[in-house]
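Down below is the structure, laid out as structure tokens.
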Amino acid sequence: MEMQIREATKSDYEVVHQMQKQVHEIHTMERPDHYMMADTTLDMEYFNNLIDGENTKVFLLEEDQPIAYTIITIKNTEERPILIPKKVVYMDDFGVDRKYRGKGVGKLFFGKIVEFAKSIEADSLELGVWEFNENAIKFYESMNLKTKMRRMEINL
């Protein structure tokens, strides 16, 4: 069966939640100072607001069932005289079901999201990635993303 991309609906909550929980587990293991495991890692009201949102989208990649998801926000830069106006697609979340990782699914899906961003005339696609997540960093670099800025911390 061929893989296809589609916008998620509210009825996709459970399947998106299950994939998001897999991603959350990675973060919980590596940053227990920041993340806690919970039965619900994706709030249904938040998900429904994403589906209804004017500037948010949830996309799914499906074979015979959803195997990857992404949550994106379409943002316009703040209007200030010192800034060049930009339309940015910000990837809040990206995950591939663990059974499909390492099979090219993420690259295919990410490429489709880049195509979507170009189709709405975005200037860039941006995302945040934790320093510990070397696999994700390598993946994003392989998709031609470059580090734009660093967010640093000191524990007090």
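I'd like to verify something in the chain: which complete DSSP H helices, judged by Cα projection on the helix axis, reach 20 Å or more and average at least 0.5 on the Kyte-Doolittle scale?
Taking the DSSP H segments of the chain (at least 20 Å long, mean hydropathy at least 0.5), we get 105-119.
How long is the gain from Asp52 to Val114 if the chain were fully straight, where each residue apart is worth 0.36 nm and the alpha carbon distance is subtracted?
Full-extension gain reported as 20.1 nm.
Out of (i) 48, 44, 33; (ii) 53, 35, 23; (iii) 53, 39, 26, which label holds the value of Cα extents along the principal axes in Å that was computed here?
(i)
Over 21 Å between Cα atoms: which of Lys112/Lys146; Lys75/Lys99; Lys107/Lys146; Lys86/Lys146 fall into that group?
Lys75/Lys99, as the Cα separations exceed 21 Å there.
For Ile67, which sequence-distant residues (separation of 5 or more, or a different chain) have an amide H within less than 5 Å of its own amide H, given hydrogens modelled in the peptide plane?
Residues meeting the amide H criterion: Leu61, Glu62.
Could you tell me the relative contact order of the chain? Use alpha-carbon pairs under 8 Å, at least six residues apart, and round to a whole percent.
19
Laboratory data are not the source of any read-out in this text; all were calculated from the coordinates shown. Predicted model, so just to flag it, every value in this text is computed and none were measured.
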